[in-house]
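Each reported figure results from applying straightforward, stated rules to the coordinates on display, with no laboratory input. Just so we're clear, the structure is a prediction, and the values are computed from it rather than from any experiment. Glycine also receives a Cβ, built like all others from the backbone with ideal geometry; neighbour counts cover every protein chain displayed.
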Amino acid sequence: MHPTLSSLLLAATLAGVPALAQQPANAPQPTAAAQAGPVGNAAPVLTEPLTRPATAAVRSQNIFDVKPDASNETGYAAQTNGERARVQPGNNAPMWRQVAQGATGYTSLPASQAPEAGNLIQEFVDYPFMRETNAGEAWRQVRNRWILPYGAALLAIVVLALALFFVTKGPLGREHPDSPRKFERFTPFERAAHWANAFAFIVLAASGLVIAFGKFFLLPVLGLSIAGWLAYALKYVHNFMGPLFAVSLTIVILTFVKDNIANRADFHWLTRLGGMLGDAQVPSHRFNAGEKGLFWWGITIPGVVVVGSGLVLDKLIPGVGELRAHMQLAHMLHASLALWMVALIIGHIYMGTVGMRGAYRAMKDGYVTEGWADEHHKLWADDIRAGRIPAQRSGEASALPDAAPTPART
Ligand code: HEM
């Protein structure tokens, strides 16, 4: 016989030995021929029963000791793991049932370093609109059945509604011929803060959307390897862009908060739906009620929560984020409010570009014509003319584009 084949046969015969030793006494004994193996005398024949030294801590369990009908006994379902082990060795269902219900076991790891080490599966939680289940599964369902589908639907509705609005109504506002009389709407500092914030937001939004939805729209096109690497790389981009967004957001909030405090004119603006009910724009101060609404409910409040929860997810806030419950809550807030922000900022970008004539110019070079100011922010223009607000708040007049603004009329 070929030497390799004979050694394989020898190994196969030896591998069968422990299995034979495990057989119960009443099991049919192998015949001598079977013991000798398929090659007869070529394989070694066992003459002595194989015994192993008893290992103190390990008690072997024999599957043939299991009582197959043990499950019919009363109280079977309520057995502890120890009781179950006596009738069905190796069946650890009672223990796993406890684990699945959030039981915390013993661990020698210090709670300060590993607060949840003794707990494999979290306790049950009762979220609204969902059946009671353990916290990990509940979080998974909130993400996959609520945040992602409803978030995607919200974005789709916003994009479609804006497209429809643009097609039916076109850009808002009149054309204003360039005039030498201009008002400085945003200083270079305000524009720098705005664009740094806008840049960070767009990068975060794009990378966040790939992380959340890439599986559905990129994976089928790019394939597993490229889509996987892209999501992996964008996760790092997302993590590093977060701090730039946090800093620029803080500057944007502090810079614009003063002019976003609600006043009586905003109430009037809201009751007329910002001019939607008629042809003319409703007079407003520097920012109208729509812009103020976006400032508070689309940028400041959700922005602070999104940044805070992002820092928790990055484990950058000491003492928070060690527990899975912290991470789950942080993720749910982060994802849902970030999608909310993206939906509103899409509307803001629309109005700041194609949706309103002359708006982009204000944020591009900082100035608007007096006609534009009168049409869109009449009360602000009045304040400038009355000298209550300087027509130019920054730099030298010679730095102005086109022509120097006329000093405020008194
Ligand atoms: C490409 C993206 C963006 C464009 C084209 C854009 C455009 C504009 C324009 C034209 C204005 C001036 C509006 C006016 O004169 O009344 C403005 C104001 C403003 N934008 Fe943006 N923007 C963009 C992204 C963002 C982002 C991502 C944020 C914040 C997350 C943001 C926050 C603001 C704020 C706070 C104001 C001042 C208005 C107020 O405080 O109510 N913008 N933007």
Check: Inside the range 308-317, can you point out the residues that are within 16 Å of the ligand (Cβ to nearest atom) and in contact with a Gly (Cβ under 7 Å, 6 or more places away or on another chain)?
Finding: 310
Next item on the list: Find the residue count for the range 101-114, including only residues that are in contact (Cβ under 8 Å) with a residue 24 or more places away in the chain and surrounded by 14 or more Cβ atoms within 10 Å (Cβ to Cβ).
Entry: 1
Next item on the list: Would you be able to tell me the number of residues in the range 158-178 that are exposed (fewer than 14 other Cβ atoms within 10 Å of the Cβ) and more than 18 Å from residue 345 (Cα to Cα)?
Entry: 8
Note to self: For the condition surrounded by fewer than 17 Cβ atoms within 10 Å (Cβ to Cβ) and small (Gly, Ala, Ser), what is the one hit in 200, 212, 206, 196?
What the structure shows: 206
Note to self: Which pairs turn up if I take residues in the range 130-144 that are closer than 19 Å to residue 335 by Cα and look for partners that are of a type in the set (Asp, Glu) and surrounded by fewer than 17 Cβ atoms within 10 Å (Cβ to Cβ) with beta carbon separation below 9 Å, at least 6 apart in sequence or on another chain?
What the structure shows: 135/123; 138/126; 138/132
Note to self: Take residues that are among the aromatic types (Phe, Trp, Tyr) and surrounded by 15 or more Cβ atoms within 10 Å (Cβ to Cβ) and tell me which of the helices (runs of 4 or more DSSP H) falling wholly in the range 243-359 contain 3 or more.
What the structure shows: none
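Residues checked against (1) assigned to a helix (DSSP H, G or I); (2) aromatic (Phe, Trp, Tyr); (3) farther than 30 Å from residue 249 by Cβ; (4) away from the ligand (no atom under 16 Å from the Cβ):
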site: 161; (1), (2), (3), (4): yes, no, no, yes
site: 164; (1), (2), (3), (4): yes, no, yes, yes
site: 174; (1), (2), (3), (4): no, no, yes, no
site: 186; (1), (2), (3), (4): no, yes, no, no
site: 192; (1), (2), (3), (4): yes, no, no, no
site: 196; (1), (2), (3), (4): yes, no, no, no
site: 205; (1), (2), (3), (4): yes, no, no, no
Next item on the list: Write out, first by first residue and then by second, each pair whose Cβ atoms fall under 8 Å of each other, whose residues are 6+ apart or on separate chains, and whose first residue, in the range 331-356, is farther than 14 Å from residue 146 by Cβ while the second is near the ligand (Cβ under 9 Å from one of its atoms) and among the hydroxyl-bearing types (Ser, Thr, Tyr).
Entry: 352/360; 353/360
